[in-house]
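Okay, so here's the structure we're looking at.
The values are calculated or read from the model by the stated rules, or taken from the named source; none is laboratory data. It should be emphasised that the depicted structure is a prediction, and the values quoted were computed from it without experimental measurement. Here the Cβ positions follow ideal geometry from the backbone for every residue, glycine too, while neighbour counts run over all protein chains shown. Only protein heavy atoms, including side chains, enter the accessible area calculation; ligands, DNA and RNA are left aside. Shrake-Rupley method; radii C 1.70, N 1.55, O 1.52, S 1.80 Å.
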Amino acid sequence: MGKKGTVADAMLRRRSHSSVGDKAPGDKELRKLLEAAGTVADHAALHPWRVIAIRGEARERVGRAIAEATGQDASSGIAKKPLRAPLLLAVVVSPRPSMKVPDWEQEATASGVAHALSLLLDEAGWGVMWRTGLYTRSGAVHRAHELAPHEHLLGWLYVGSKPEKKSGRRKPITAKKHLSSL
């Protein structure tokens, strides 16, 4: 596509890792990556997002909230999902009052930060998987993350060391199907 090491190359190389190892980046590395991810397009520079690092037993708390939100038992398989990675990064939309930037646009900015952060983590050698679900906007999950009333959870980046086994190949998109003109 171009010179090795371009953004396009990184995007084409990126794969989701549904299984990751036990190591995860520390807060110092995360802050550095967030500084870069936070440069996404952001109308009026509102920075309508935040990221919550979830490690250790806090992952169990999130699992219990997911189980509650789905009407399942706290010992169910869904409650154990947050234990699949040593670090979960909860991406939160934190809309700011604005007369010119609607909430949907602020949510798009937060989504952009999540995607950029996943690319940066991948580039730094970490395995990453973006996880969501209908329960991300449930009361139980909202409370477990201690979100403010106006905030919404987009989902989590599950982060850990990359597995030795390579993830499968992704089928390339047919850009022609997704591009039109007026």
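General remarks:
- Trypsin sites (Lys or Arg not before Pro) within the range 79-153: DSSP coil, no more than 13 neighbouring Cβ in 10 Å: Lys100
- Coil-residue GluC sites (Glu not before Pro) of the range 38-73, DSSP, other Cβ within 10 Å capped at 15: Glu57
- Probe 1.4 Å, protein heavy atoms only - accessible area per residue of the chain in square angstrom: 62 Å²
- Heavy-atom accessible surface of the range 66-182: percent carbon and sulfur, 1.4 Å: 56 percent
- Sorted peptide list for 34-43, 113-122, criterion being average Cβ within 10 angstrom, highest first: 113-122, 34-43
- Around the amide H of Trp49, modelled in the peptide plane, lie the amide H atoms of Ser94, all under 5 Å away and 5 or more residues distant in sequence or on another chain.
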